[in-house]
Amino acid sequence: MPNINDLMAENNQVAIPREVLMLLRWLAEHHADEIKQLTKQALQNGLYDLLLTQQYAAEQPSAIEESYEDIAHCVHIMETILMEELDEHAIYKKYEKNIQTTIDHIDAALCDTQVVQSSMQKVSTNVAGHPNSSLRDALFKELLRQWRPRKSSLVN
């Protein structure tokens with residue numbers, strides 16, 4: 001995905017990456033109430049005064065250039081956040097898949113499904129920065145912490 005600053009440097013026009021537009025649309029459709037609350041907070045914390053100042057400044061000749069800079073800055077921040085989150089999400093999905101294959105090897109007759117699920121949730125919240133083997137070890141340790149064997153079941 002091309003960087004917004006590179007696109008602006010090439011032809012002095014504003015170009016917004018499709019991924020950022022898709023993110024903004026998704027946020028507007030699925031989190032309108034949160035956006036409304038954030039907007040209220042921003043207006044109460046100084047945005048209103050800034051907008052009044054900018055309304056006066058919009059009449060000045062340099063307003064168009066400053067608008068381009070504001071758009072580029074905003075899109076750059078959104079793009080950076082999106083790229084970081086995409087990377088983290090890809091890592092999370094990889095670990096989630098590896099955990100699932102490990103869970104498939106656990107005998108459901110000996111270990112309750114509820115214990116397996118709660119252990120998996122606890123371990124998957126701590127996914128960041130763990131290599132595959134330590135993640136699997138962490139899952140097994142958590143299973144052992146939560147597992148309460150039944151006296152009626154025979155274990156070899």
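The values are calculated or read from the model by the stated rules, or taken from the named source; none is laboratory data. If you're wondering where the values come from, they're calculated on a predicted model, not measured in any experiment. Here the Cβ is made from the backbone with ideal geometry for all residues, glycine too, and neighbour counts use every protein chain on show.
For Glu66, the requirement of being out of contact with any Lys or Arg (no Cβ under 7 Å at 6 or more places or on another chain), at pLDDT below 80, under 22 Å from Leu43 (Cα atoms) and surrounded by 12 or more Cβ atoms within 10 Å (Cβ to Cβ) is met. Restricting the first member to the stretch 128-156 and to residues that are over 15 Å from Thr101 (Cα atoms) and among the β-branched types (Val, Ile, Thr), and the second to residues that are at pLDDT 55 or above and surrounded by fewer than 14 Cβ atoms within 10 Å (Cβ to Cβ), the beta-carbon pairs closer than 8 Å and six or more apart or on different chains are Val155/Leu110; Val155/Pro149. It is to be established whether one or more residues within the stretch 27-43 are surrounded by 13 or more Cβ atoms within 10 Å (Cβ to Cβ), in contact with a helix residue (DSSP H, G or I) (Cβ under 9 Å, 6 or more places away or on another chain), farther than 24 Å from Glu84 by Cα and modelled with pLDDT of 65 or more. Taking every residue of the stretch 27-43 in turn, at least one turns out to be surrounded by 13 or more Cβ atoms within 10 Å (Cβ to Cβ), in contact with a helix residue (DSSP H, G or I) (Cβ under 9 Å, 6 or more places away or on another chain), farther than 24 Å from Glu84 by Cα and modelled with pLDDT of 65 or more. Scanning the stretch 95-150 for residues that are within 26 Å of Glu85 (Cβ to Cβ) and assigned to a loop (DSSP other than H, G, I, E, B), we see that the one that is modelled with the lowest pLDDT is Pro131.
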